[in-house]
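None of the figures in this text is laboratory data; all of them are computed from the coordinates on show. The model shown is predicted, which means the values in this text are computed figures rather than measured ones. Reconstructed Cβ throughout: ideal geometry from the backbone, glycine too, with neighbour counts over all protein chains shown.
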Amino acid sequence: METITMDTFDAMPLVEPLHQALKDKNYTTPSPIQQEAIPQLLTGADLLGSAQTGTGKTAAFALPILQLMHEKPRERQRKQMRALILTPTRELSIQVAKSFAEYGKYLNFRTALAYGGVAIKPQIEALREGLDILVATPGRLLDLQGQKQLDLRGVEFFVLDEADRMLDMGFIQDIRKIVGQLPKKRQSLFFSATLSPQITRLAGSILTDPVEVRIAPQETTAENVDHSVYFIDPARKLATLIDLLDDQLDKDDSHLSLIFCRTKSGADHLVSQLNQHDIPASAIHGDKNQNARQRTLDKFRKGRIPVLVATDVAARGIDIRDVTLVVNYDLPNEPEAYVHRIGRTARGGLKGRAVTFGIGGEFKELRAIEGLIKKPIPVETDHPYHDDGLMRRYQSFGSTSKGSSFASSPGRRNKRNRGTSFGKR
Ligand code: AMP
């Protein structure tokens with residue numbers, strides 16, 4: 001199928017009430033994901049979107065859903081909804097519902113929220129007479145259904161938002177249960193910041209012949225991040241990290257350090273090792289509940305814990321000005337995550353440093369990152385753990401590869417890889 005891109009909202013075949021709402025918000029230029037996704041979704045296609053928060057993905061799915069519902073009105077049925085949007089967290093649910101309310105302000109749709117940690121009764125009340133749009137987290141949705149207060153048989157539009165985070169938070173079974181009850185005939189949209197094989201499999205079980213839109217995180221590294229790679233023996237990772245952190249802790253209290261591990265258990269293990277060496281550190285990852293994560297983040301932000309150990313998904317969106325050191329203790333699975341990780345430092349115009357541990361066995365991943373950012377990461381040799389032999393092996397390892405590995409995505413009619421900017425290109 002040929003892709004038609006529309007680089008202004010005026011050029012998009014949206015109905016007047018949506019155009020008006022966009023004008024009220026002063027949006028003139030659709031972001032790349034909006035340009036790609038909106039025309040496709042208006043044709044009824046399923047969509048696999050690889051995009052992070054901040055790319056404008058909410059409007060990319062909310063606008064076409066609102067339009068399609070508006071064009072084919074249907075009477076509300078008790079306990080039913082026409083559009084179901086599943087998100088991993090209460091915060092995201094609230095944000096998504098707010099977007100539907102803003103973009104749909106001149107249309108007459110009823111939207112409600114269902115998330116845990118608050119009284120269920122008002123949510124039951126909201127569902128009783130039927131809804132147009134329900135934005136929910138998986139656990140509470142299943143609770144409501146268990147209490148026979150919610151009926152999924154009327155769903156025409158299904159959106160799974162931040163799927164990778166859902167999996168990281170252990171929602172996979174809940175998602176399967178929910179999807180199993182949706183009508184077969186529906187339009188499904190699946191968004192995830194990363195596309196691991198597990199995510200791709202899940203997408204394949206939900207979508208039918210989807211259009212694929214891939215919006216890469218900005219493929220440049222932030223100007224004022226001083227990034228480098230340390231070639232070291234894996235057995236010396238901890239000692240190297242402790243040296244780096246000791247230097248940080250010798251500075252004043254406002255210097256925070258963020259350490260990335262690949263797995264949740266790796267993050268926990270590293271925290272206990274650091275604590276044993278009298279370095280105050282905490283972990284945030286998807287096994288911790290939302291409140292615990294928030295508490296840890298608040299303490300980090302205030303400098304009460306100077307070192308935070310995180311997995312990629314838990315660290316998404318962390319915007320803390322005083323982070324002056326990022327350490328990639330493990331390399332990320334996806335090269336795109338490198339850019340995201342090191343972008344957690346040098347915020348608000350400050351300078352920051354990002355150190356990546358280069359060890360044997362991870363050369364391919366390192367090359368993929370360099371391929372993505374289109375330049376080598378400078379090597380730091382001036383430290384006691386530098387392994388010259390390892391560095392030389394890396395230098396003769398393969399040539400710079402293209403970086404991204406999305407070869408096994410489900411059926412694709414169309415594939416794009418664009419930047420995130422909202423401006424005109
Ligand atoms: P999202 O990625 O959906 O979380 O959106 C990120 C932010 O960009 C939100 O604050 C949106 O309101 C805003 N936004 C979305 N689309 C546009 C657009 N086309 N022009 C300007 N801002 C936008």
Packing-ranked peptide list from 334-344, 41-51, highest mean Cβ count within 10 angstrom first, is 334-344, 41-51
Calculated from DSSP helices alone, with each H run of at least 4 adding -39500 (n - 2.57) and the total divided by the residues of the chain, [θ]222 nm to the nearest 500 comes to -11000 deg cm²/dmol
Given 10 °C, 1.306 mPa s and a Kirkwood radius over Cα pairs, the Stokes-Einstein diffusion coefficient of region 16-214 in µm²/s is 95 µm²/s
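Can you tell me the convex hull volume per residue for region 124-222, based on C-alpha atoms, in Å³ to the nearest whole number?
Numbers: hull volume 13.0 nm³, N = 99.
It is 132 Å³ per residue.
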Largest fluctuation, Asn224, Asn26, Asn328 only, Gaussian network model of the chain with Cα springs under 10 angstrom, belongs to Asn26
For Lys237, the lysines lying under 20 Å Cα to Cα, once residues fewer than eight places off in the same chain are dropped, come out as Lys264, Lys364
With +1 on the Cβ of every Lys and Arg and -1 on the Cβ of every Asp and Glu, the dipole magnitude of the chain about its Cα centre, in debye rounded to the nearest 20, is 1480 debye
Normalised per residue, the volume inside the convex hull of the alpha-carbon atoms of region 194-352 in Å³ amounts to 133 Å³
Computed on Cα atoms only, the convex hull of region 216-308 has an orientation-averaged projected area in nm² of 7.6 nm²
With Cα springs under 10 Å, the Gaussian network model of the chain assigns the largest mean-square fluctuation among Ala354, Ala119, Ala292 to Ala119
Cα-based Rg then Dmax for the chain, in Å, read 22.9, 71
